[in-house]
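S.K.: Sending over a structure as structure tokens; questions will come in a sec.
The values are calculated or read from the model by the stated rules, or taken from the named source; none is laboratory data. Everything numeric in this text was worked out from a predicted model, so none of it was measured. With ideal geometry, Cβ positions are generated from the backbone for all residues, glycine too; neighbour counts draw on all protein chains shown. For the accessible areas, the whole protein counts, side chains as well, though only heavy atoms, and no ligand, DNA or RNA atoms are used. Shrake-Rupley method; radii C 1.70, N 1.55, O 1.52, S 1.80 Å.
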Amino acid sequence: MNWDHLLAGEELAYRTTDPARAARLAPLPEGLAFDVGVETLYAHQREAWDAAARGEHLIVTTGTASGKTLSFNLPVLDALAREPKNRALYLYPTKALAQDQARALAALAVPRVRSAIYDGDTPQERRWQIRKWANAILTNPDMLHVGILPRHDLWADALHNLRYVVVDEAHVYRGVFGSHVANVLRRLRRLARVYGSDPQFLLASATIANPGELARSLLGVDATVIGGDAAPRAERTIALWNPPLLDAELGLRASTLGEASLLLSQLVQRKLRTICFAKSRKAVELIHRMTADRLDTETKRRLAPYRAGYTPQQRRDIEQRLVAGELLGVTATDALELGIDIGLLDCAISVGFPGTVASLRQQWGRAGRRGHGLAVLIASEDALDQYFMREPESLLGRRVEAAILDHTNPRVLDAHVAAAAFEAPIDDDDRPTLGDAALERAPHVPELQHTRRGWVWAGKDYPAARTALRSATTDAFTVVDASTGSVLGIVERERAYSTVHDGAVYLHLGEQWLVRELDLAARHAVVEPFGGDWYTQAKKETSTDVEKPLRVERRCGLELTFGRVSVTEQVVAYQQKHIRDQSTIATIPLDLPPTTFETEAVWYVPTAQQLAGLEAMPLLLSSLHAAEHSMIALLPLWAMCDRWDIGGLSTNVHPDTGAPTVFVYDGHPGGVGIAERGFDAFEGWVADTARLLGGCPCERGCPSCVQSPKCGNLNEFLDKTGASTLLTRMSKSA
Ligand SMILES: [Zn+2]
Ligand SMILES: [Zn+2]
């Protein structure tokens, strides 16, 4: 290929080729009620059809561009075309995705299918029409939760005739959001039953380790997994690219953005259509500018950035120019990866690991749609990125990453028990849909009263409106754009003090914002756009109290516990640091109250033998602290989450264990299952971390191994060698 000689030198950490694959085809089902527009199906589409025909719930987990959409549309549209009274509900995690799908459905023009979007933007006067008239209704879980289920009387006909519920991008429903959505879907199943229907759920997800488990957690019932991807694939070269090491002692590498612009410019010069994904708008702009600087005026014009602020028209314009070959290089933030609908690309570059293997695969899936493709990951200095450079098999071979949620987290569940009681009295008959945990929580939810009809809502307001699905608590701060007054997002109190304190640089969908004021009484943070080249890191003091050990096992030669803890944090200062080299500009004190929350944690007490030679202070503390950081960095490899979803604490003596202890806790109040996944996967997790430390070329610890961008101690007291010794000993005792 004409990129071959680009892929050379010490930067190339790994190279492999995914072979081309022929399609496995299957015949269309007999007697379809509409014209699909294709002659044959891929085998997985036919399997989905057959499973749906048997009345099963299902989850399709085939790759990007494998015709997943047709897998669920085929049974749904057939049912609607056959019997127009049938209704289907399509759930999308974002409004933009619902709009894309609405356009696609309209383009299919299936007779008797009347699709419509019903979301927060739908005008009041249109709403009753849609409820009455549409048989394919596209919405999001938030609207279902707050707008549809509590007003089920208005939806009686739709619920009575509800035949299918499509849940697309199901892997997005993990963590806190997923735990909420799992409860919303249970409420939907219950109300459907009240209205005499029993809809089938058709889920589609990116490739994850546990599709069946995810479907079961989301629905409360089993679903058939359709996983054998039968779509054809062109050959694809995969390259892992590590910016050259500039200072081995400090672990300092050349700029990731610079490397990206170099590769992008060289690919574009070869007339290869390339998309380059980066994590922030700032990075996207820098890569775009640096790439343009490397090109002549003519080629320069064939580059474009692709941004969140673009209107659908501007987006389509860029997509069409790419398809026409007029544009050659596009840079985009990875916040947009879900919404981009462009085929026919040659190369995809991911600048920094996007956080999950599922999103990396989605980004790479754009490459090679018209022949042999090239997919590249350029590593950042982050520990997980560097680990992948040295252990490519862990990235490309194993399928360990699991989408985790916990619908029984009381902080989440109670809100839905209240909402369900508002919708209809709760009694024993609801166990199969709402679940046993909901019945157990009912007596503990204030404002529920037990009557002869069951548990009923005795409050005056509308309980669903109290709860936002994207946050673990109602005690949250809104983040407001000072110039427009619009709400950018919400942040739980527990995280607000460390992420949107006065003077913090806050990142939202790849955009940087500077916090002008955090108002504790009004519970909002006022922010303004920020173009500076520094970021902020909070310094905080943390303590944990063991509330209740739930599982105690002898693992890796030591006592490992999973259980409930309460975490108290106080943010005491923050540092401003240069993006370029992480050097500190200033440390500014903050005066914020402590916060305490209960959550789940996994903790371990190393044995005296495992700590032999490390007992002296401060070596002991520094070794434990470094072990904690590097373990937190690698947990996302096992549980699909962000490093920012996890917290940790290490201490030379903990009051509850009376010994040196390392805690890793779920950063969301109540916990969403991340810590327990760490408990279950402990041996593999420890082994990965020992390998990470053993392989890092730095001398005394660096951002690619033991340093953490979110350390509350600003990365003081870290001993890489001590941590490596401890974790290697633990791994050997496994
Ligand atoms: Zn290092
Ligand atoms: Zn730390």
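S.K.: How much accessible surface area, in Å² rounded to 10, belongs to the heavy atoms of residue 172 with a 1.4 Å probe?
M.R.: Here the accessible area works out near 40 Å².
S.K.: Same structure, new question: Using a 1.4 Å probe on the protein heavy atoms, what percent of the accessible area of the range 140-209 belongs to carbon and sulfur? Each step should come with its number before you reach the end.
M.R.: Numbers: 820 of 1730 Å².
On the range 140-209, the fraction of accessible area on carbon and sulfur atoms equals 48 percent.
S.K.: Given Cα pairs under 8 Å that are at least 6 residues apart, what percent is the relative contact order of the chain? Mind showing how you got there, number by number?
M.R.: Numbers: 1585 pairs, mean separation 86.9, N = 734.
Dividing the mean separation by the residue count of the chain yields 12 percent.
S.K.: Under the Cβ-under-4.7 Å rule, which cysteines of the chain stay unpaired?
M.R.: Unpaired cysteines in the chain: 276, 347, 556, 641, 711.
S.K.: Once the other residues with Cβ under 15 Å from the Cβ of residue 475 are scored (Lys, Arg +1; Asp, Glu -1), what is the net sum?
M.R.: Numbers: positive: 411, 466, 470, 493, 495, 523; negative: 414, 492, 494, 519, 569, 598.
Net of charged neighbours comes to 0.
S.K.: Okay, next question. What residues qualify as long-range amide H neighbours of residue 41, i.e. H under 5 Å apart, gap of 5 or more or another chain, H built at 1.01 Å from N?
M.R.: 26, 28
S.K.: Amide H of residue 477: which non-local residues (sequence gap of 5 or more, or other chain) have their own amide H closer than 5 Å, using H built in the peptide plane?
M.R.: So residue 477 has HN proximity to 491, 492, 493.
S.K.: For the charge dipole of the range 3-155, defined by +1 on Lys and Arg C-beta atoms and -1 on Asp and Glu C-beta atoms about the Cα centroid, which residue among 16, 51, 133 has the Cα displaced farthest towards the positive pole?
M.R.: The one lying farthest along the dipole's positive direction is 133.
S.K.: Tell me, what is the per residue accessible area of the range 1-81 in Å², probe radius 1.4 Å?
M.R.: Values: 3690 Å² over 81 residues.
About 46 Å² of surface per residue is accessible.
S.K.: How would 730, 617 line up by accessible area, probe 1.4 Å, largest first? Please report the intermediate quantities before stating the final value.
M.R.: On the way: 730 0, 617 100 Å².
So, going from the largest accessible area down, we get 617, 730.
S.K.: Please report the antiparallel percentage of the DSSP beta bridges confined to the chain, to the nearest 5. It would help to have the intermediate numbers written out before the result.
M.R.: Numbers: 78 of 130 bridges.
Antiparallel bridges: around 60 percent, rounded to the nearest 5.
S.K.: Residues of the range 353-372 with the amide nitrogen closer than 15 Å to a label point 7 Å from the Cα of residue 107, along Cα-to-Cβ, please.
M.R.: Answer for the range 353-372: none.
S.K.: Still on this structure: Any idea what the dipole of the range 2-57 comes to, in debye rounded to 20, about its Cα centre with Lys/Arg Cβ at +1 and Asp/Glu Cβ at -1? Intermediate values should be presented prior to the final figure.
M.R.: Numbers: 5 positive and 10 negative charges, 30 e Å.
That gives a dipole near 140 debye.
S.K.: Pick out, from 500, 73, 372, the residue whose Cα sits farthest towards the positive end of the charge dipole of the chain, with +1 on the Cβ of Lys and Arg and -1 on the Cβ of Asp and Glu.
M.R.: 73
S.K.: Same structure, new question: Using a 1.4 Å probe and counting only protein heavy atoms, arrange 42, 90 so the residue with the most accessible area comes first. Walk me through the numbers before you get to the answer.
M.R.: Working: 42 65, 90 0 Å².
So the residues, ranked largest to smallest area, are 42, 90.
S.K.: Could you give the size of the charge dipole of the range 644-734 about its Cα centre, using +1 on the Cβ of each K and R and -1 on the Cβ of each D and E, expressed in debye and rounded to the nearest 20? Please report the intermediate quantities before stating the final value.
M.R.: Values: 7 positive and 10 negative charges, 64 e Å.
Dipole of the range 644-734, to the nearest 20 debye: 300 debye.
S.K.: Now a separate question. To the nearest 20 debye, what charge dipole does the chain have about its Cα centre, counting +1 at the Cβ of each Lys and Arg and -1 at the Cβ of each Asp and Glu? Mind dumping the intermediate values first?
M.R.: Values: 80 positive and 90 negative charges, 389 e Å.
Using Cβ point charges on Lys, Arg, Asp and Glu, the chain gives about 1860 debye.
S.K.: Classify the chain from the C-alpha gyration tensor, please: rounded if a/c falls under 1.5, else prolate or oblate depending on whether a/b exceeds b/c. Can you show the working numbers first?
M.R.: On the way: a/c = 1.59, a/b = 1.14, b/c = 1.39.
Oblate is the answer for the chain, as a/c is 1.5 or above yet b/c matches or exceeds a/b.
S.K.: Provide the net charge surrounding residue 204, with neighbours chosen by a C-beta distance below 13 Å and charges set as Lys +1, Arg +1, Asp -1, Glu -1.
M.R.: On the way: positive: 68; negative: 168, 169, 229.
My count for the surroundings of residue 204 gives -2.
S.K.: So, by mean Cβ neighbours within 10 angstrom, what's the order for 520-527, 159-166, 31-38 with the highest one leading? List each step's numbers first, then the result.
M.R.: Working: 520-527: 17.2, 159-166: 21.4, 31-38: 12.8.
Averaged packing, sorted descending, gives the order 159-166, 520-527, 31-38.
S.K.: Excluding ligands and nucleic acids, what accessible area in Å² is computed for residue 221 using a 1.4 Å probe, to the nearest 10?
M.R.: About 30 Å², ignoring ligands and nucleic acids.
S.K.: Give the separation of the Cα centroids, the range 214-231 to the range 21-73, in Å.
M.R.: 15
S.K.: Among 171, 652, 345, whose Cα projects farthest towards the positive end of the dipole of the chain, with charges put on the beta-carbon of Lys, Arg (+1) and Asp, Glu (-1)?
M.R.: Checked the options; the winner is 345.
S.K.: Compute the signed sum of charges (Lys and Arg +1, Asp and Glu -1) over the other residues within less than 13 Å, Cβ to Cβ, of residue 22.
M.R.: Numbers: positive: 21, 24, 233; negative: 229, 235.
Taking every other residue near residue 22 into account, the sum is +1.
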